[in-house]
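Below: the structure, in structure tokens.
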Amino acid sequence: MHAVVAIKQVPDTTNVRIDPDTGTLIREGVPAIVNPYDVHALEMAVRLKERFGGQVTVLTMGPPKAAEALIECVEQGADRAILLSDRKFGGADTLATSYVLAGAIEAIRAEGPVDLLLFGKQAIDGDTAQVGPGVATRLGVPLITYAIEIEAFDPLARTAIVHRRTELGVEVLETALPALLTVEKEIAAIARAPLPNLVRAARYRPEVWDAAQPVAFDAAKLGIKGSPTVVGRAFTPAAKAPGEQIEVAALGLPAVIERALTRLEAAGVLAAGPPSAGGPGGGP
Amino acid sequence: MGADLRFDAIVVGGGPAGVAAAITMAKGGLDCVLIERGRFAGAKNLFGGVLYTHALADILPDYWSRQPPFERPVTEQGYWLLSPDSAMRILHKGECYKGEPAAAYTALRARFDPWFAEQAVREGVLVIPKTTVTEVRRDDQGRAIGVATDRPEGEVSAPIVVLAEGVNNLLTQQLGLARGDLPPRYVALAVKEVIGLPSAEIEARFGLAGPQEGVAIDIFGDATLGLPGTAFLYTDTKAVSIGVGLLLEELVHHNLRPYEVLARFKAHPAVRPYLAGGTPLEYGAHLIPEQGYDRMPQLVADGVLVVGDAACMVDALHREGTNLAMTAGRLAGETALEAHREQDFSARALRAYRRRLAESFVLKDLKQYRRMTDLLDSTPDLLGTYVNFINEAAQRYFTAHGIPKREMEAEILGLLRERRSFLGVARDLMRLLRGMRG
Amino acid sequence: MSERKHRPLAPELEASLPRVDVDDLIAPLKYYVDDDHPHLWIKDPAVCTGCTAKPCLAFCPVGVYRLDRRGQVMVGYQACVECGSCRVGCPFLNIGWALPRGGYGIAYKFG
Amino acid sequence: MSGAPELTAETGPRRIWVLIEQQGGRVHPVSWELLGAARRLAVELDADRAIVEAVLLGQDVGAIAQEALRYGARRVHLIEDPVLADYRNLPYAVGISRLVQAHRPEIFLIGATSLGRDLASAVATRVETGLTADCTELTIDPKLQILAATRPTFGGNLMATILCRRHRPQMATVRPRVLPLPEPLPPAEIRGETRGEVVRAPLGLVEAEVPLRRLRLIPGAERVDLEYAEVIVAGGRGLGDRDGLPLLRQLAEALGGVLAVSRPLVDAGWVSVEHQVGQTGKTVRPKLYVAAGISGAVQHRVGMSGAGFILAINKDPHAPIFQIADLGIVGDLYEVVPALIDDLRARRSGGDDGR
């Protein structure tokens, strides 16, 4: 069994601050972490390795500092780590990113078969959820997003049964392998890494692949050049105007409740939507 | 895998003491593992902010070329004596503090310690983060043979274990090397805030020529409500570090919230202008072991060496700690190298560590100031009394009242006498002298 | 060495202490919370009930110890910065104190 | 079967496309929201040539195509095929990509639902164009005359307006409920509208080519997931008593949401930490956040300030939570919450929920 996990090093958005003057991210003191969903993707891969044997390869595209994130993945049980790092990759949007990751995975597949590709459902910095589907599309492998459980996995028959969460409920899908899964956190609970993994990680240096070696990427499809989208403007969300404050003591309870429900309705946050339009995703 | 987890030496803790020991041992050819419980070396560490470089130079003579992440060189230093509404400032600056590398730098531990640990990695130390050592493993004769950690398959073995676990020295206690836990009267709780300011603003406020200059001020008196303790205000590159430390027993006794003491200090008219408009970046707290020479834990056992805060190596009077810790770490490392050469890890052999320490400034200073904590502890209002007196005396001295100077001098003496009898003053002076002279 | 001389704090000093919401102070701190593994605990709640001073409510620098409406001491270990004050400062040594599991707890960004 | 002959880029229609998301014959309302937005964008872009068209895939969904016309689509590109009965990425992506390549829309909007986000990226990759995810605002940049799609990033701390200058279509997924739901036109007006038409296209893919099968659907087996809950009712120290929790649970049920708490209640051991919102707990971004008896220390606020609408209930008129609340009720939560529950229940059963 060979699983490839793609990860991203992200600033910890629970701790992020934005410079109100420049509208840019204050990197000072913001810890970099492995995208939390990706950690669960990796954990799933490691569980499969423990059950079926084989290996887990982890890869990321990022600056040299992203090697830290890969080393954390080795701690968590990855056998091999590849850092795709080159100035030419810089400024990539999701299309250019999926081009590089797909190219790297092709190269890994050329060395030997890969059974499963695992991605976090999205990165917490951009929240786009686009790279996984993009890579699956480029590689022509089946895609299952929002996976929450691998019910069955058969590397010999090359099939798997995967649960996927949607607004409708949980879809149970049977897929051919290799497939690409983007996962929710419940795909696998994080187990505490054993000490020998940490020892190995402390000595491990990830392989670094650049734009020329071992994959000769098409420069036109890389980085800013290869990215159809650009950020036109970045700004901090307008500070909320102070909200309305109403006092039970002053207005009386019925008036306060009436006002509250009117406001909630106007804000469109009451669950009851129009019955005719109450489609699949209608209710929360 | 078992064979992989066998080393020549284990260091517990990635602070200055542990890293210094690890580097020294690795340079001497030992296969050394350093186990750190934080996400990275330094994640749990906090200090006021002044780091003396002499100890670093002894460990890494080429440290300057390795670009340590210091904040600012300390080119001006001294004391503020605060009364509730005034301040006597005694500061020293001069060309003597210039030149690279400087004798002291301000630093932030979550930046400096990872760099220092990285130097250990460069020297061949295996640094394992995110792992808490839970026990020192001993054979049936009580000799340390390794450690257990909180990770699955988490045993590591080595004939020598250096405990650099910090002020909460649970392992040292577990081994029976410390006589009981830290008593609250010999431990200070320090709280600190790092407050972000543009560097040009810092330079304007503190009268600095540029980022190549910095200030370290220790503050006494009203900053701690006159209670035994000190406060500090240090300039970092793009922030100031401000904090206050009080003997824990005082906090307990007076039911004080340390962050309120800090907030009060920050609001002092002599302090507030330096912080105005700053962005609070981080708040933190740390214990400082001030039990001194007479109550230090035993420093060695069979296969065990204790260094740094775990061994209470803090000179509170001179705000020195990291340099003592680094030096102790280095000397422990040298002792471990010797032990490996002789293949003798017994406490008797390791006692060379204590001898080395005794010959160094570490134990000499600790011994000299062995009575300081007791002095403050037994005379808790000493600081407040004298600091307020000095401020009032200064005010009289610097103001013309239309009275003869001789009368003014008598008045100043009177101010002192209101506060303390002549006998009391004499006794305080004696104690202070004894405290200073050892 | 000599007798403790704790004079009570002058009332005007007491009054000069500003009220600070410690939750605001710890807001910028980075914690890796270990959900199912509290590393602080009350050894014997009855001892706390009998402790009138409850200095832990004040001296803990991050306000880990608070009272619920029923007067019981609650332990918010998630906010702990692992300084150790409560371990040695509790007059009855009634606070169980362990190190968080490796990798969890406070991670200073400046220190 | 095909639509009107294509015209040249200079004179032909400038198409703004909207995906009509349906599953099992039920339309996700975001599709109508997007048709409304597309009509507005068409006016902003080019009142003469810009037209709004819908894309609809599925099996036996002809009635939905008619409904799309009622919501303002001039034309519906319809692919009906048994392979499309259940949503699967590959056949949908293939079908839509072929339509895109055939008709070259300028803008293509898709709901940021799990289906939409799954699909949009596959389509964008196939046609090699730019896609902006999870937008909350769409306009036409007045100078560049292209789509300006604004979206939150870094956990809502930063807004970014994304442009796709050269590639077409300019694709965006848009969050449900950030745009108003338009009124459908009455059926009579559609019949009178000559350009309202449904154009069918073949899928060009057979079942054997799809390497994925849906075995079954476990409906509504959704676990409580605070981080992604749309409605959260949270209690804090002001609850005073553990007995207040069932009350908040009832309010949460009445609002279709889940229960959360601030730190003191977790510390007190009333609730497990997975319900905790705040700096040492979870960060949430629901559409509605009801803070009952929460003072709103920064430590809590950092976990929930991204909520769409914050309703705060607190006795203390100076509680900091009121600084960020959209609506603050100063009063005893033990009075206010039961009254809210009663009214919400009355509304639900009374059926005066008009529209």
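The values are calculated or read from the model by the stated rules, or taken from the named source; none is laboratory data. All figures in this text were calculated on a predicted structure; none of them were measured in a lab. A quick note on method: Cβ atoms are made from the backbone with ideal geometry, for glycine too, and the neighbour counts reach across all protein chains shown. For the accessible areas, the whole protein counts, side chains as well, though only heavy atoms, and no ligand, DNA or RNA atoms are used. Shrake-Rupley method; radii C 1.70, N 1.55, O 1.52, S 1.80 Å.
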Within region B:143-168, find all residues whose amide N lies under 18 Å from a label point positioned 7 Å from the Cα of B:ARG351 along Cα-to-beta-carbon.
B:143-144
How crowded by other chains is D:302-313, given as the mean number of beta carbons from other chains within 10 Å of each beta carbon?
3
Hey, got the average number of other protein chain Cβ atoms within 10 angstrom for residues in B:39-46?
6
Would you mind working out the accessible area per residue for region D:14-209, using a 1.4 Å probe, and quoting it in Å²?
36
Sorting A:TYR99, A:LEU116, A:ALA216 by the position of each Cα along the dipole of region A:2-221 (Lys, Arg +1; Asp, Glu -1; all at Cβ), the one nearest the positive end of that ordering is A:ALA216
If you project the alpha carbons of region D:226-350 onto their three principal axes, what span does each projection cover, largest first, in Å?
41, 30, 28
Once amide H atoms are placed 1.01 Å from N in the peptide plane, what residues at a sequence separation of 5 or more from D:GLY328, or on another chain, have their amide H within under 5 Å of its amide H?
A:GLU244, A:GLN245, A:ILE246, D:ALA312
Taking all protein chains in place and a 1.4 Å probe, what share, in percent, of the accessible surface of the protein assembly as shown do carbon and sulfur account for?
53
Using modelled amide H (1.01 Å from N, peptide plane; none on Pro or chain starts), what sits under 5 Å from the amide H of D:ILE218, excluding residues fewer than 5 places away?
A:VAL170, A:GLU171, A:VAL172
Per Stokes-Einstein, at 25 °C and 0.890 mPa s, what whole-number D in µm² s⁻¹ belongs to chain B, with the Kirkwood radius over Cα pairs as the hydrodynamic radius?
107
Charge dipole magnitude, Cβ of K and R +1, D and E -1 - the protein assembly as shown, Cα centre, debye nearest 20:
1340
Just tell me how shielded A:169-177 is by partners: mean number of partner chain Cβ atoms within 10 Å of each residue's Cβ, no decimals.
6
Which one, A:ILE246, A:ILE187, A:ILE150, has the greatest fluctuation when you compute a Gaussian network model over chain A with C-alpha springs under 10 angstrom?
A:ILE246
Note to self, chain B gives a 222 nm [θ] from helices alone (DSSP H runs n ≥ 4, -39500 (n - 2.57) apiece, / all residues, nearest 500) of -11000 deg cm²/dmol
Suppose every K and R has +1 on its Cβ and every D and E has -1 on its Cβ; what is the size of the dipole of region C:41-105 about the Cα centre, in Debye to the nearest 20?
100
Can you give the charge dipole size of chain D about its Cα centre, rounded to the nearest 20 debye, using +1 on the beta carbon of Lys and Arg and -1 on the beta carbon of Asp and Glu?
660
With θ taken as phi - 60° and the coefficients 6.51, -1.76 and 1.60, list the Karplus ³J(HN,Hα) couplings across region D:126-141 in order, rounded to whole Hz; mark glycine and proline as x.
4, 8, 6, 9, x, 9, 10, 8, 6, 6, 10, 7, 10, 9, 9, 5
Whole-Hz Karplus ³J(HN,Hα) for region B:326-336, in order, using 6.51 cos²θ - 1.76 cosθ + 1.60 and θ = phi - 60°, x for Gly and Pro?
5, 5, 4, x, 4, 5, 5, x, 4, 5, 5
Between region D:103-152 and region A:183-246, what's the alpha-carbon centroid distance in Å?
21
Let's test the formula: R0 of 35 Å, r as the Cβ-Cβ distance of B:ARG406 and C:SER16. What FRET efficiency results, to the nearest 0.05?
0.45
Which order do the peptides D:101-110, B:423-432, B:132-141, B:360-369 take when ranked by the mean count of other beta-carbon atoms within 10 Å per residue, highest first?
D:101-110, B:360-369, B:132-141, B:423-432
Among B:VAL252, B:ILE288, B:LEU227, pick out the residue whose Cα is farthest towards the positive end of the charge dipole of region B:184-289, where Lys and Arg carry +1 and Asp and Glu carry -1 on C-beta, about the Cα centre.
B:VAL252
Using only protein heavy atoms and a 1.4 Å probe, how much accessible area in total is buried between A and D, to the nearest 100 Å²?
7700
Over region D:82-139, relative contact order from alpha-carbon pairs under 8 Å, at least 6 apart, %
35
Per residue value of the accessible surface for chain A (all protein chains in place, 1.4 Å probe), Å²
38
If you find the alpha carbon centre of region B:308-354 and of region B:242-282, how far apart are they in angstrom?
34
Chain C - percent relative contact order, Cα under 8 Å, separation 6 or more
35
Collect residues whose amide H, placed 1.01 Å from N in the peptide plane, falls under 5 Å from the amide H of B:LEU281; neighbours closer than 5 in sequence don't count.
B:VAL194, B:ILE195, B:GLY196
Binning every alpha carbon pair distance of the protein assembly as shown at 10 Å from zero, what are the percents per bin?
2, 9, 16, 20, 19, 15, 10, 6, 3, 1, 0, 0
Mind ranking B:89-102, D:115-128, D:305-318 by how tightly packed they are, going by the mean number of other C-beta atoms within 10 angstrom, highest first?
D:115-128, D:305-318, B:89-102
Filtered hits (lysines, Cα-Cα < 23 Å from A:LYS185, offset >= 8 within chain) -> A:LYS8, A:LYS49, A:LYS121, B:LYS130, C:LYS30, D:LYS282, D:LYS287
Nearby lysines by direct alpha-carbon distance to B:LYS266 (threshold 22 angstrom, same-chain neighbours under 8 apart not counted):
B:LYS192, B:LYS238, C:LYS109
Please report the buried accessible area for the interface of C with B, total over both chains, probe 1.4 Å, in Å² to the nearest 100.
5100
Using only protein heavy atoms and a 1.4 Å probe, report how much of A:GLU186 is accessible, in Å² to the nearest 10.
60
How high is the FRET efficiency from D:LYS143 to A:GLN213, r the C-beta distance, R0 35 Å, rounded to 0.05?
0.25
Largest first, what is the accessible-area ranking of C:ASP24, A:ASP86, B:ASP315 with a 1.4 Å probe?
C:ASP24, A:ASP86, B:ASP315
Expected vector for region B:114-128, Karplus 3J(HN,Hα) from phi with 6.51, -1.76, 1.60 and θ = phi - 60°, integer Hz, x for Gly and Pro, equals x, 4, 5, 5, 5, 5, 5, 4, 4, 7, x, 6, 8, 9, 10
Using the beta-carbon distance between B:LYS93 and D:LYS315 and R0 = 56 Å, what value does 1/(1 + (r/R0)^6) give for FRET efficiency, to the nearest 0.05?
0.55
Take every Cα pair under 8 Å in chain D that's 6+ residues apart, average their separations, divide by the length, and report that relative contact order as a whole percent.
13
